[in-house]
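Engineer: My structure is below; once you've seen it, I'll send some questions.
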Amino acid sequence: MAGSDRKFSLGGLLLRLGGFALLALGGVLTLAPFYLMFVFATHQRSEIFGFPPPLWFGEHFWTNYQILLDKIPFWRAYWNNLYLALMTTLTSLFFCSLAGYGFAMYEFRGRERLFGVVLATLLIPAILNLIPFYLLIYQIGWINQPKALWVPAMAGALGIFLMRQYILSAVPKELVDAARIDGCSEFQIYWRIVLPLVRPALGTLGLITFIGSWNRFADVNVIMRTQETKTLPVVLRTLQGATDVEWGAIMAGTALLVAPLLLVFALAARQLMEGLTSGAVKS
């Protein structure tokens, strides 16, 4: 028995070590592109395409940064990025949580069918909506206006679904009924009782929405017509159309674009997982 127990323990240990090794390899493969991006941001084009390519940081980051300032409205595009991400995130948190509260706590005719229609919109690839989206924005006269990007994104199906599921698991209906008996209005119940109880889900939705808005490209490229209104991912793409592409400058701009997202994600990773898994088994 003792020998078989030792064999079992040794097998379990080897299995765990193999699992850790696979996870470590996956982590390295995932982080390698980000590492190389930051390294290339500090090198000139000739060094990037040299052999062997640089694997450590160089001394030309400020040179690449100056190229960005000379060729594109870098900080203007950065501000456009921040404005779009903040407006989309704040409005989405309000309207998605409000809709999720309605679907979770109110009984009305056709509720499940309406919720099914909301979920069905998740099945439509975003690229298929681009042409009708452009035609709609053109008809209402919002071309080249930032509100054309954040107003339609105020109540996304994913956000409504996430908030509805979390509210079902975190907010007892008895608590809502008690608040009504005490004389609270419906909006007071939502604002003072429901929102404080669903902060993890709000944090998760805010992070997902902010990252998605920060990286938007296709619709920004179609709706925004001038360099002054475009976001940084679109403006950086224009550098690739030059005769001599300054890849070091592009990597520097991309690094400055990605750095805030990596920091925010690292700080909020645990809350993101908590918000995604809470209420996942309750419908």
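Engineer: Kindly list the number of the only condition in (1) surrounded by fewer than 16 Cβ atoms within 10 Å (Cβ to Cβ); (2) closer than 19 Å to Ile223 by Cα that fails for Thr121.
Structural biologist: Only one criterion is unmet by Thr121, namely (2).
Each row is one residue, and each column tells you yes or no for (1) surrounded by 13 or more Cβ atoms within 10 Å (Cβ to Cβ); (2) modelled with pLDDT of 90 or more.
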| site | (1), (2) |
| --- | --- |
| Cys96 | yes, yes |
| Met105 | yes, yes |
| Pro125 | no, no |
| Leu135 | no, yes |
| Pro146 | yes, yes |
| Ile160 | yes, yes |
| Gln165 | yes, yes |
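Engineer: Based on this model, can you work out whether Thr209 counts as over 12 Å from Phe74 (Cα atoms), among the polar types (S, T, N, Q), open to solvent by 10 Å² or more (accessible area, probe 1.4 Å) and assigned to a helix (DSSP H, G or I)? Let's see the steps before the verdict.
Structural biologist: Numbers: over 12 Å from Phe74 (Cα atoms): yes; among the polar types (S, T, N, Q): yes; open to solvent by 10 Å² or more (accessible area, probe 1.4 Å): yes; assigned to a helix (DSSP H, G or I): yes.
Judged against the criteria, Thr209 is a match.
Engineer: Which members of the range 219-241 meet the condition of being part of a helix (DSSP H, G or I), farther than 17 Å from Met251 by Cβ, open to solvent by 10 Å² or more (accessible area, probe 1.4 Å) and touching a residue at least 60 places away in the same chain (Cβ under 8 Å)?
Structural biologist: Passing the criteria: Asp219, Val222.
Engineer: Between a first residue in the range 144-156 that is farther than 9 Å from Thr88 by Cα and a second residue that is charged (D, E, K, R), which pairs have beta carbons less than 6 Å apart while being 6 or more apart in sequence or on different chains?
Structural biologist: Here the result reads Asn144/Arg225, each pair linking the range 144-156 to a residue that is charged (D, E, K, R).
Engineer: Got a number for residues in the range 220-270 being more than 22 Å from Val151 (Cα to Cα), within 21 Å of the chain's Cα centre (by Cα) and among the charged types (D, E, K, R)?
Structural biologist: Summing the residues that are more than 22 Å from Val151 (Cα to Cα), within 21 Å of the chain's Cα centre (by Cα) and among the charged types (D, E, K, R) in the range 220-270 gives 2.
Engineer: Determine which single condition Val245 fails, assuming it passes every other condition in (1) more than 28 Å from Phe49 (Cβ to Cβ); (2) part of a loop (DSSP other than H, G, I, E, B).
Structural biologist: Going through the list (1) more than 28 Å from Phe49 (Cβ to Cβ); (2) part of a loop (DSSP other than H, G, I, E, B), Val245 breaks only (1).
Engineer: Restricting the first residue to the range 22-51 and requiring it to be closer than 21 Å to Ile250 by Cβ and aromatic (Phe, Trp, Tyr), which pairs with a second residue that is assigned to a loop (DSSP other than H, G, I, E, B) and at pLDDT 90 or above meet a Cβ separation below 8 Å and a spacing of at least six or different chains?
Structural biologist: So the pair list comes out as Phe38/Phe57.
Engineer: With respect to Thr254, determine if the residue is within 30 Å of Pro53 (Cα to Cα), open to solvent by less than 50 Å² (accessible area, probe 1.4 Å) and at pLDDT 90 or above.
Structural biologist: On the way: within 30 Å of Pro53 (Cα to Cα): yes; open to solvent by less than 50 Å² (accessible area, probe 1.4 Å): yes; at pLDDT 90 or above: yes.
Yes.
Engineer: Any idea which of (1) within 28 Å of Thr226 (Cα to Cα); (2) open to solvent by 60 Å² or more (accessible area, probe 1.4 Å) is the one Lys173 doesn't satisfy?
Structural biologist: Status for Lys173: all satisfied but (1).
Engineer: Residues that are closer than 30 Å to Ala178 by Cα: find the helices (runs of 4 or more DSSP H) completely inside the range 48-167 holding 1 or more of those.
Structural biologist: Helices (runs of 4 or more DSSP H) meeting the threshold: 74-105, 111-120.
Engineer: Moving on to the next point. Tell me, yes or no, whether the range 54-64 has at least one residue that is within 28 Å of Thr204 (Cα to Cα) and either open to solvent by 90 Å² or more (accessible area, probe 1.4 Å) or of a type outside the set (D, E, K, R) (or both).
Structural biologist: no
Engineer: Consider His43 against the criteria (1) surrounded by 13 or more Cβ atoms within 10 Å (Cβ to Cβ); (2) farther than 30 Å from Gln188 by Cα; (3) within 21 Å of the chain's Cα centre (by Cα): it satisfies all of them except one. Which criterion is unmet?
Structural biologist: It is condition (3) that His43 fails.
Engineer: For the range 168-179, give me the residue count where each residue is out of contact with any helix residue (DSSP H, G or I) (no Cβ under 6 Å at 6 or more places or on another chain) and either within 30 Å of Arg216 (Cβ to Cβ) or in a loop (DSSP other than H, G, I, E, B) (or both).
Structural biologist: Selection size over the range 168-179: 1.
Engineer: Pick from the range 94-140 the residues that are closer than 26 Å to Pro200 by Cβ and of a type in the set (Ser, Thr, Tyr): which of them is farthest from the chain's Cα centre (by Cα)?
Structural biologist: Applying the filter and picking the extreme gives Tyr106.
Engineer: Further question on the same structure: Residue check: is Leu90 more than 24 Å from Val234 (Cα to Cα), at pLDDT 90 or above and open to solvent by 70 Å² or more (accessible area, probe 1.4 Å)?
Structural biologist: So Leu90 does not fit the description; no.
Engineer: Can you find a residue in the range 180-189 that is buried (at least 19 other Cβ atoms within 10 Å of the Cβ) and part of a helix (DSSP H, G or I)?
Structural biologist: yes
The values are calculated or read from the model by the stated rules, or taken from the named source; none is laboratory data. Note that the coordinates shown come from a computational prediction; the quantities given were computed from them, not determined experimentally. Here the Cβ is made from the backbone with ideal geometry for all residues, glycine too, and neighbour counts use every protein chain on show. Note: areas computed on protein heavy atoms with side chains; ligands, DNA, RNA excluded. Shrake-Rupley method; radii C 1.70, N 1.55, O 1.52, S 1.80 Å.
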